[in-house]
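Taken together, the values in this text are just the output of simple stated rules run on the coordinates, not laboratory data. Keep in mind that what you see is a predicted model, and the values were worked out from it rather than measured. For neighbour counting, all protein chains shown are included, and Cβ atoms are generated from backbone atoms with ideal geometry for every residue, glycine included.
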Amino acid sequence: MPELPEVETERQYLHRTSVGKSVMQVIVSEPRILKDTTPPALTVALLGHTIVDTGRHGKYLFAILENGASLIFHFGMTGGLAMFDDDYPWPPYTRFALLFSDTSHLTYHDPRKLGRVSFTTNWREWIRVKGLGPDALSVQFKAFREQLANRKGAIKPLLMNQEVIAGIGNLYADEILFQAGIHPRRAVGSLTIRDLQRIYTSMRTILRTAIRRRADEAAYPRTYLIHQRFPDGCCPKCGKLLEHLSMNGRTAYFCPDDQPYEA
Ligand SMILES: [Zn+2]
């Protein structure tokens with residue numbers, strides 16, 4: 001499932017390929033992927049407008065128009081963008097496309113149709129109304145600490161809660177806690193300032209590393225847990241068999257030695 005590094009990689013692609021282009025036609029081949037809008041409403045909102053910038057907050061991507069309005073992408077499990085010149089065949093499972101005045105086409109493909117395309121007249125306000133927490137890549141330590149203060153429960157689900165911190169899902173939450181040496185079930189109230197600093201630093205380092213490597217997991221450092229996240233996987237630091245447990249319906253992988261449990 002795309003998390004912050006995957007969405008940021010899509011944002012950089014969208015920025016490189018779409019900024020400065022004007023929308024000449026809007027094609028919705030699967031209306032079910034639209035959220036809070038309809039094909040005619042979206043067409044009226046986009047037609048003749050120019051993409052002047054891109055933005056991202058957590059796992060949401062914004063194509064910002066010259067009038068301040070914005071098209072919003074959420075990639076679900078399998079969504080992605082691709083730009084084509086002229087009439088090059090679109091990828092299978094294209095659900096939505098924009099044709100630009102220079103004849104290039106931006107397609108949104110999504111085999112499982114779990115992603116969503118929507119629209120807002122003010123994207124910063126949309127983020128606020130949606131109740132998203134600060135973005136995991138840009139949040140300062142002070143705000144990060146405040147977001148976790150007075151919360152209850154285990155650290156891992158809190159890191160994955162988009163209203164607490166936006167952008168982190170199951171894979172990166174495991175990686176962050178592994179690199180920080182914190183057990184996923186550790187109660188947030190028991191974490192010291194030093195623990196929180198370790199988690200914060202690990203979060204930033206991992207997200208930045210992943211974005212630099214264009215979210216290509218195969219290119220991540222060998223010391224990353226992600227390469228061993230399967231039954232019988234071994235800790236990339238100490239070689240011990242990893243353990244896994246189910247939390248909120250998702251599997252958490254961790255090293256029993258490097259991430260000891262402390263209540
Ligand atoms: Zn280990």
Review point. Among bridges DSSP assigns within the chain, what percent are antiparallel (round to 5)?
Key: 95
Practice item. Whole Å is fine, so just give me how far the alpha carbon centre of the range 135-154 lies from that of the range 163-201. Key: 10
Review point. How many angstrom lie between the C-alpha centres of the range 8-35 and the range 209-225?
Key: 26
Check your understanding: How far is helix 193-212 tilted off the main Cα axis of the chain, in degrees rounded to 10, range 0 to 90?
Key -> 40
Practice item. Among ALA210, ALA136, ALA218, determine the one that fluctuates most according to a GNM of the chain built with springs between C-alpha atoms less than 10 Å apart. Key: ALA218
Point to revise | Positive minus negative residues near LEU137 (Lys, Arg vs Asp, Glu; Cβ under 13 Å) | key: +2
**Study point:** For the range 102-118, 3J(HN,Hα) per residue [Karplus equation, 6.51 cos²θ - 1.76 cosθ + 1.60, θ = phi - 60°, Hz, x = Gly/Pro]
**Key:** 8, 6, 7, 10, 9, 10, 10, 10, 6, x, 8, 6, 9, x, 9, 10, 9
Practice item. Based solely on C-alpha atoms, express the radius of gyration and the Dmax of the range 141-254 in angstrom. Key: 13.6, 38
**Study point:** PHE230-HIS15 pseudo-label distance in nm [points 7 Å out on the Cα-to-Cβ vector]
**Key:** 3.5
Point to revise | Convex hull of Cα atoms in the chain, direction-averaged projection (nm²) | key: 14.4
Check your understanding: Which whole-number percent is the relative contact order of the chain (Cα, under 8 Å, 6+ apart)?
Key -> 17
**Study point:** Pairwise FRET efficiency - ALA218 versus SER101, Cβ, R0 = 35 Å, nearest 0.05
**Key:** 0.40
Review point. So which lysines can LYS59 reach, going by Cα to Cα under 20 Å and dropping same-chain residues fewer than 8 places off?
Key: LYS35, LYS113, LYS130, LYS156
Exercise for review: Give the order of ASP110, ASP257 when sorted by the count of other beta carbons within 10 angstrom, beginning with the fewest.
Suggested key: ASP257, ASP110
Practice item. Please give the helix 4-18 orientation as an angle from the longest Cα principal axis of the chain, in degrees from 0 to 90, rounded to the nearest 10. Key: 20
Review point. How would you rank CYS234, CYS255, going from fewest to most other Cβ atoms within 10 Å of each one's own Cβ?
Key: CYS234, CYS255
Check your understanding: Which whole-number percent is the relative contact order of the range 184-263 (Cα, under 8 Å, 6+ apart)?
Key -> 24
